[in-house]
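Only the coordinates and a few stated rules stand behind these numbers; no lab work does. The model shown is predicted, which means the values in this text are computed figures rather than measured ones. We place every Cβ from the backbone using ideal geometry, glycine too, and count neighbours over all the protein chains shown.
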Amino acid sequence: MKKLTKKQAESNAKKELKTLLIFIKENAEKKITKALNSGAISEDSDFMQQNCLLALTVLEDATQQFKIKSDYRPEAENIQRFI
């Protein structure tokens, strides 16, 4: 495997994060619309008014979908502990 410089690694990580955030945003919009249309949540509810709660719920759902399933699990766990 080719060794990356610190700058290259940071650049690659930023690019991947941008891609992931776009996916999360699009996915969140679909799920929120679905929840509103199905009646699971109301536009007038306190939950919808508390943007931080809505955002945290969407992020929690997204992180459940993207659990690391690779040979690099120990490294990922070390990074999570550090962060």
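Brief remarks on what is shown
- Sites excluded, chymotrypsin sites (Phe, Trp or Tyr not before Pro) in DSSP loops with at most 14 other C-beta within 10 Å, longest stretch of the chain: 1-65
- Here the Kirkwood formula puts the hydrodynamic radius of the chain at 15.4 Å, using every distinct Cα pair.
- Given 13 as the ceiling on other Cβ atoms within 10 Å, longest exposed-site-free region of the chain for trypsin sites (Lys or Arg not before Pro) in DSSP loops: 4-66
- With helices as the sole contributors, the chain gives -24500 deg cm²/dmol at 222 nm; each DSSP H run of n ≥ 4 counts as -39500 (n - 2.57), and the sum is divided by every residue.
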